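Asks: Below you will find the structure I want to go over with you.
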Amino acid sequence: MPDRQARVERKTAETEISVRIDLDGTGRSAIHTPLPFLSHMLDQIARHGLFDLDVEARGDVEIDGHHTTEDVGITLGAAVLSALGDKKGIARYGEATLPMDEALATCALDLSGRPFFVSRVPLPKAKLGTWDVELCPIFFEGFARGAQANLHLRLVEGENLHHIVEICFKAFAKALMRATRIDPRALGVLPSTKGTL
């Protein structure tokens, strides 16, 4: 099987992001961002998706966390896209419905080459630590653009805000793990009737 690793850097006037990912890892992570709750969520992606993930992020968080959160999402998506190579043999689709106490979330993902993001997760204007909860969909929309993926998130149940956000990230991790896995029955085959993804 080819080496499915990538390192992507993104530098703007607002942020400086570096992401390294191994799609066939063990869940090891080294995450350093100026937003502790975001770092915690990125660790969830590595752990529950079984990706080896290194993230170094600096950004203008003295203004707010928007630029850093969005650019981490974009860069992570770009790293996943790069690590997928020609996409031959991948499952392409992944989904997961996971519980966390009273919260239940569903994530569905298509590594289609066509970026689109739909969120049906109602979130209040609030903070988890120093992180604005309204940045949750900003991260996932950035990922969808960077990975050229179709991503849907839906909250089925939930009351505790921490649980709601965390289970969205965990469901995303599982869906991404399933979409990026190699299907041994389709080695060398591109999962599209169009001949391109």
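Where a number appears in this text, it was derived from the coordinates with a stated rule and is not lab data. Worth saying up front: this structure is predicted, and the values here are computed from it rather than measured. Because the Cβ atoms are built from the backbone with ideal geometry, glycine has one as well, and the counts that use them run over all protein chains shown.
Asks: Have a look at Gly27, Gly89, Gly59 and point out the one that is touching a strand residue (DSSP E or B) at 6+ places or on another chain (Cβ under 9 Å), closer than 30 Å to Thr193 by Cα and either touching a residue at least 24 places away in the same chain (Cβ under 8 Å) or of a type in the set (S, T, N, Q) (or both). Spell out the reasoning first.
Replies: Numbers: Gly27 fails: closer than 30 Å to Thr193 by Cα; Gly59 fails: closer than 30 Å to Thr193 by Cα.
Testing whether each residue is touching a strand residue (DSSP E or B) at 6+ places or on another chain (Cβ under 9 Å), closer than 30 Å to Thr193 by Cα and either touching a residue at least 24 places away in the same chain (Cβ under 8 Å) or of a type in the set (S, T, N, Q) (or both) leaves just Gly89.
Asks: If you don't mind, another one. Please work out which one of (1) surrounded by fewer than 19 Cβ atoms within 10 Å (Cβ to Cβ); (2) free of Cβ contacts under 8 Å to residues at least 40 places away in the same chain is the condition Val189 fails and give its number.
Replies: (2)
Asks: Still on this structure: Please determine, by comparing only the residues of region 1-28 that are basic (Lys, Arg) and assigned to a loop (DSSP other than H, G, I, E, B), which one is farthest from Val72 (Cα to Cα).
Replies: Arg4
Asks: Given the condition assigned to a loop (DSSP other than H, G, I, E, B), in contact (Cβ under 8 Å) with a residue 24 or more places away in the chain and more than 13 Å from the chain's Cα centre (by Cα), answer yes or no: does some residue in region 131-146 qualify?
Replies: No, region 131-146 contains no residue that is assigned to a loop (DSSP other than H, G, I, E, B), in contact (Cβ under 8 Å) with a residue 24 or more places away in the chain and more than 13 Å from the chain's Cα centre (by Cα).
Asks: Sticking with this structure for a sec: Scan (1) surrounded by fewer than 20 Cβ atoms within 10 Å (Cβ to Cβ); (2) closer than 23 Å to Gly89 by Cα; (3) aliphatic (A, V, I, L, M) for the single condition Ile21 breaks and write down its number.
Replies: Unmet condition: (1).
Listed here are the residues, each with its yes/no results for (1) small (Gly, Ala, Ser); (2) surrounded by fewer than 16 Cβ atoms within 10 Å (Cβ to Cβ).
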| residue | (1), (2) |
| --- | --- |
| Ala103 | yes, no |
| Pro124 | no, yes |
| Glu141 | no, no |
| Pro184 | no, yes |
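Asks: So Phe172 fits all but one of (1) of a type outside the set (D, E, K, R); (2) touching a Phe, Trp or Tyr at 6+ places or on another chain (Cβ under 8 Å); (3) over 15 Å from Ile45 (Cβ atoms); what number is the exception?
Replies: (3)
Asks: Another one. Are any residues in region 147-177 over 12 Å from Ala103 (Cβ atoms) and part of a helix (DSSP H, G or I), and if so, which ones?
Replies: Within region 147-177, Ala147, Phe172, Ala173, Lys174, Ala175, Leu176, Met177 meet the criteria.
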